[in-house]
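Here the structure comes first, spelled out in structure tokens, and everything after it is commentary.
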């Protein structure tokens, strides 16, 4: 095969299929034959032209059209250079043809202040991102997962997938690593009941895929009550299947009723933890109201600039004694651990069923449309399927 | 009923059944009609006369013979004073006749330096303990759970059991709260990979009941590999059923082989966490050898003085960069949370099956003998059963 | 002496001197002969009628006029009941006539969910507060420090002052305990550079007394650059004297210039920690803009409801990956430790000079007026001085 | 100058002066003109032939004789390659001729599991160390600080020194970063009174240079009582000068008396924190005995294998509920922060006076002898001085 087929986003709302030449590899590069690539909320925002991410600090134009989308990727090593064999894998495992791998889409420089001092999070001053900030305009082109092949090199964090783990579970690793938010809240737990402790009441605001993964992770970490909030009955049903104990329909309740419902679950106090997985500014004060004094709020949903919301420093922050964790990106140190958890817990939690739809590359546009329907779960591009 | 039947330990190895008068209650007291009371490792030590606990700081003679053993207790409120109705329950829930309750066996003064400054752990300078340091010699006698009734007052931490939770699961709450060791290790987790993170490799040294509960909790908190170490094939089989992924038989392997087996599981590094649930001094250096650099050791098994073991400050502590958590007792703030977890996860984990044997009060001696057999799991006294 | 003179706030702006009968003590009570009582920002808010504190959860009307203000108190035991001698002192030290003591103004019930589970912080559901929520209308009246005597009982947390510590330093203990915010941020420090580490750049927004105490504590905990922001040149000068390395005048700079000034100090990144000690909503987004990615914001200044401010969940919270600590009240477990620090570090830091003015009880109104002038530091009522 | 003079340790006890050719630089290298290089405890151990470090995991023979000792280094850039100008400095600051720099002696591979997952600590599987594991046998020879010049490249962590900081303070940065042990203990502090809080009582076992630096850091972080334990009256006097509040002479007291002295300081409880800076196994159980329940023990002194000591898992670990932090090496992320602290606090603490003696390169042997006398503080090699 001398050409590589890929879906290309040339601008907001404009998706087309292109063919690229298969690149000749340098010694530190590898070519991955793609299996599955998930559609993330960011992809939807980019498609809709809601593109200001990272508060505008990372890219002047976001995304860097034209791009090959796709940053939740799993595939198999198809060709690999001599240096990459020894040094590509994140923790030093040797890699060879046929090995299944996943990757962290964020690529960092390794030498700026953030890279030097803040290991784990890709808050690099020169951060680049597969499927978003790396254009496919110039060779070697293949910096996104909605394609037959994807190119990586030793600057990219690539992780070997345990042999027992299916691509259908491995493709979930990236968004599952995003739920390190809850692990972070767990680190913050002390006997002063900060952060997230086993048995705690956790509210998930918005149970699209990001919210569903948080429901699953909350359950994997020993949560007590899990309250799912959404307007989609299909998504609330999925949340219940994955472990949510209470559902709150946004379209048939008022904010006051939802806040009261959470208090009723907790002897009048409020939730221990609430997580914004909705990305709509108005959910933030609602989530803060739902918390008990000293509760923890996780803001990981506002990945794109959607405007401001009025917050009272007294009511919502100081007198609430809130602990708030903002979290953009996800830790590149979390992949190995999450792969192991998917191997151990994936089937017990029925996690593969979070994928409701798979489309071939040629139908990427239909896939994106489907992912924006409230009855969908995770939608993936399956590069193994012809159109 | 005007008398209360109880098993009484009058000295090492001497267990008999006595009748005590049913006490007249003060307003701040309640009488619990016992259902189940578990046998703990401490009970076995007391029975064998290995009684130096708390490094001798708590009691001059340990235990305070004669005692009614039993500190893992669940029962139902049989009679309750007016003050106790409002103030007995730990978090302020009103209590009435028929309510099922569990209790923290450790009773604290509330006003010493430890009580004032170190909330959560019963490290009180005047700590007393049901079933161990409170004699049954003088009225009102009933300070242990191997009896038809047990007396509590507002100085005791008593917790209402969720109505959906069976006594067979509720009786497990006390030893499950002991596994807060792992929750503590989880608090210590940072991006420097200290403490216990999801996906980590955890070694449990000794899988008697305490070790089995740690296997379950490690699984509930998202552990990766769980390595069970014991000499009893029955207990290793139970550990596997509850989630251990590797078994190491102590009687058919050398220490070197066991350490190597753990390294082989972890690309040569060693375990992230090891927990002493054996209570035998020699396991400590072995567990430390099993850890990777920066690993975490939990010492919660050496509840009774069993002598010293040689430790190299260089090899085992400094150059290992170990984090070591010693943990006596368990947090009285952990009961509500654990009751909720037993309600949510108890059936999914098949936890009730950890109880392998139940005996009536009259057969307490047989129960103790059975609990010391390596094929037993948790053995309980069932006060509902006649002899 | 059979009467006790006190300053009484009968309503917003109305302060008068009254005489109360000296109470007859119960066994669990003590009468404190007042030495000094500080004026806090809350006192100023109450005087101005800006009284909605604790988001309205604690008191229906706030404060509970008429009140004797004064909750930063130091005095000497003048009379003490038999029970109080043994049980009044926080950590169990015996107390006698002539002993100097300070107290935590927040009084908690000890049995609600917060008291049981959240030790350290007075987030009690039935919290009462000396000098604010306890009226002096009914006997025994003396629940505030702007008086010749103050009444305490064993429900109050009272701490013995080291004999070497002067009243002028001891009166600073309460607001210094409020700076436990920085200690909390220090607890949160990890190798992912969260929270507050030695050498970090710290911004203090507002250097009235609360801000000055934060400057001092930041220095005591090893801060690097300390940036003081205020409009008062006198207060900025005091901040510099106590260790601030950079001053930013609010009246002669724009928000953009101040944000840029902080970035210039930090190679363009932004501060590691910012603390709201101003209590004005608009400082919150400014402080968030001043932080680097992963920086920590402490909201301890918005003690009274002063309205809302627009916050962007994307820009200020998520993409900033902020850690935000809201903190109302202060830990009652922090007094002993802070008394010891005042003893060791008070003179080295010249802390007594933070008190710029002292007034007798009769001049409480003048004292309040003075405390609201931007050239004042901490203003105290000195009960030892006649008018 | 075409040759470089250096002190060379050719084997235990054998130190001589050699001349090496000045190397021709590669683009990623720089040559540092040495100013000062401190003598560390490890140097003394190496000189005495007590060389088993890192539990034997790092080097087959330790050290890799012949070596140029010296890993606490400060100097000035004398020559620098084009790549090194842009990429040598740890946080990305450009470097040029004449810039003063310090360095982390531990050199890591950047790609092994520890380097990838455990950022901050040099626990690399292929760790090399200036002045110890890098032989000077082969070109380019210059891997130690007791020389006129030292060679570094972009694999080494090099930090630009603030212009206001003297070499006499900058040379202290490496051992001061070792006291990150106390910062780690501070991170561990929670409201359950674990770790190290402001105002806490801290015992330093052994106040040679490592212990003196811990005294200073404890003071910089707000410790309360600081108890210095040593046999040298000169060193105890220095400890007092740097902030220790109590001195315990090992030669004129028994272990029981010292333990009791610590209890007497703390109302009978014991210290909150104890730190082994002595490196003698027997101090470990003594230090553990000195702790209160839940106290924290830091093992950072046993850098070289000196044998085992009997520890009771019950008495010293479990019933003590100890938190123990083993710490080998020091965090390479701590240098920038500590340089800033030396700039701000160095003079106030009179830190330069910890250097009691300086010797030219030719007198390295005399310097080592002097450093082993109990009346010495930090001894340095001053490359600027002729013999």
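What follows is calculated from the coordinates using simple rules that are stated; it is not laboratory data. In this text, all values refer to a predicted model and were calculated from it rather than measured experimentally. Positions of Cβ are generated from backbone atoms using ideal geometry, with glycine treated the same way; all protein chains shown enter the neighbour counts.
Compute the Kirkwood hydrodynamic radius of the protein assembly as shown, taking the inverse of the mean of 1/r over all pairs of distinct Cα atoms, and give it in Å to one decimal.
34.0
Distance between the C-alpha centers of the range B:1-43 and the range A:368-387? Whole Å please.
Going from one Cα centre to the other spans 64 Å.
Would you please give the FRET efficiency between residue A:385 and residue A:348, computed as 1/(1 + (r/R0)^6) with r the Cβ-Cβ distance and R0 = 25 Å, to the nearest 0.05? Before the final figure, lay out each step's value.
Working: r = 28 Å, r/R0 = 1.12.
E(calc), rounded to 0.05, equals 0.35.
Of the beta bridges DSSP finds with both residues in the protein assembly as shown, what % are antiparallel, to the nearest 5? Numbers along the way, then the final one.
Numbers: 152 of 256 bridges.
Taking every DSSP beta bridge within the protein assembly as shown, about 60 percent pair in antiparallel fashion.
Among DSSP beta bridges lying fully in the range D:29-174, give the percent that are antiparallel, nearest 5.
Around 95 percent of the beta bridges assigned by DSSP in the range D:29-174 are antiparallel ones.
Please compute the Kirkwood hydrodynamic radius over chain A, one decimal place, Å, based on all pairs of different Cα atoms. Write down the numbers at each step before the final one.
Details: mean 1/r = 0.0470 Å⁻¹.
It works out to 21.3 Å.
Output the 0 to 90 degree angle, nearest 10, between the alpha-carbon long axis of helix A:335-345 and the longest principal axis computed from the alpha carbons of chain A.
Taking the Cα atoms of chain A, the angle to A:335-345 is about 70 degrees.
How high is the FRET efficiency from residue B:369 to residue B:264, r the C-beta distance, R0 51 Å, rounded to 0.05?
E(calc), rounded to 0.05, equals 0.85.
How would D:106, B:78, D:43, A:155 line up from fewest to most surrounding beta-carbon atoms within 10 angstrom?
Neighbour counts put them in this order, fewest first: A:155, B:78, D:106, D:43.
Distance in nm between label sites at residue B:126 and residue A:155, each 7 Å beyond Cα in the beta-carbon direction?
6.8
Please report the equivalent ellipsoid semi-axes of the range D:227-303, computed as sqrt(5 x eigenvalue) of the Cα gyration tensor, largest first, in whole Å.
On the way: eigenvalues 63, 47, 30 Å².
Working through the eigenvalues yields semi-axes of 18, 15, 12 Å.
Springs between alpha-carbon atoms under 10 Å, Gaussian network over chain A: tell me which of A:339, A:288, A:324 tops the mean-square fluctuations.
Between A:339, A:288, A:324, it is A:324 that shows the largest mean-square fluctuation.
Arranged by the count of other C-beta atoms within 10 angstrom, fewest first, what order do D:9, B:52 take?
Taking fewest neighbouring Cβ atoms as first place, the list is B:52, D:9.
Take the Cα of residue B:135, step 7 Å along the line toward its Cβ, and report every residue of the range B:10-52 whose backbone nitrogen sits under 16 Å from that point.
Residues B:10-12 qualify, since their backbone N sits under 16 Å from the label point.
Note down the relative contact order for the range B:177-295 as a percent, whole number, built from C-alpha pairs under 8 angstrom at least six residues apart.
The value is 27 percent.
How far apart are the residue D:110 label points across copies, placing each 7 Å from Cα toward Cβ, in nm, shortest first?
0.4, 6.1, 6.1
Got the residue C:126 label distances to the other copies yet, label 7 Å along Cα→Cβ, in nm, shortest first?
2.3, 6.3, 6.7
Using only alpha carbon pairs under 8 Å that are at least six residues apart, calculate the relative contact order of the range C:302-387 and give it in whole percent.
It rounds to 22 percent for the range C:302-387.
Taking a spot 7 Å from the Cα of residue B:18 along the direction of its beta carbon, which residues of the range B:90-130 have an amide N less than 19 Å from it?
Answer for this model: B:129-130.
Take every Cα-Cα pair in the range B:1-94 and report what % of them are more than 17 Å apart.
62
Of all beta bridges DSSP finds with both residues in chain C, what is the antiparallel percent, to the nearest 5?
Looking only at bridges with both residues in chain C, the antiparallel portion is about 55 percent.
Which whole-number percent is the relative contact order of chain A (Cα, under 8 Å, 6+ apart)?
It rounds to 18 percent for chain A.
Smallest Cβ-to-axis distance in chain A, for the rotation taking A to D: which residue, how many Å?
Minimum Cβ distance to the axis, with residue: A:119, 1.
How do B:259, B:102 rank when sorted from fewest to most other Cβ atoms within 10 Å of their own Cβ? Don't jump to the answer; show the numbers that get you there.
On the way: B:259 21, B:102 28.
In increasing order of surrounding Cβ atoms, one gets B:259, B:102.
I'd like the orientation of helix B:255-265 relative to chain B: the angle between its Cα long axis and the longest Cα principal axis, in ° from 0 to 90, rounded to 10.
In chain B, helix B:255-265 runs at an angle near 80 degrees to the longest axis.
For the range C:321-386, what is the convex hull volume of the alpha-carbon atoms per residue, in Å³?
Working: hull volume 12.0 nm³, N = 66.
Cα convex hull per residue, to the nearest whole number: 182 Å³.
Springs between alpha-carbon atoms under 10 Å, Gaussian network over chain D: tell me which of D:192, D:237, D:147 tops the mean-square fluctuations.
Maximum fluctuation in the GNM of chain D, among the listed residues, is at D:192.
Taking springs between alpha-carbon atoms closer than 10 angstrom, which of B:299, B:26, B:343 fluctuates most in the Gaussian network model of chain B?
B:26
What is the projected area of the convex hull of the Cα atoms of the range D:38-152, averaged over all directions, in nm²?
The orientation-averaged projected area of the Cα hull of the range D:38-152 comes to 7.8 nm².
What translational D, rounded to a whole number of µm²/s, comes out for the range A:188-258 from Stokes-Einstein when the hydrodynamic radius is the Kirkwood one over Cα pairs, at 37 °C and 0.692 mPa s?
Calculated translational D: 267 µm²/s.
Suppose only helical runs count, i.e. DSSP H with n ≥ 4. What mean residue ellipticity at 222 nm does that imply for chain C under -39500 (n - 2.57) per run, divided by all residues and rounded to the nearest 500 deg cm²/dmol? Write down the numbers at each step before the final one.
Numbers: 12 runs with 96 residues, N = 387.
Per the formula, -6500 deg cm²/dmol.
Find every distance from the label point of residue D:373 to the corresponding label point in the other copies (7 Å from Cα along Cα→Cβ) and write them in nm, one decimal, shortest first.
Those label-point separations list as 6.1, 7.3, 8.7 nm.
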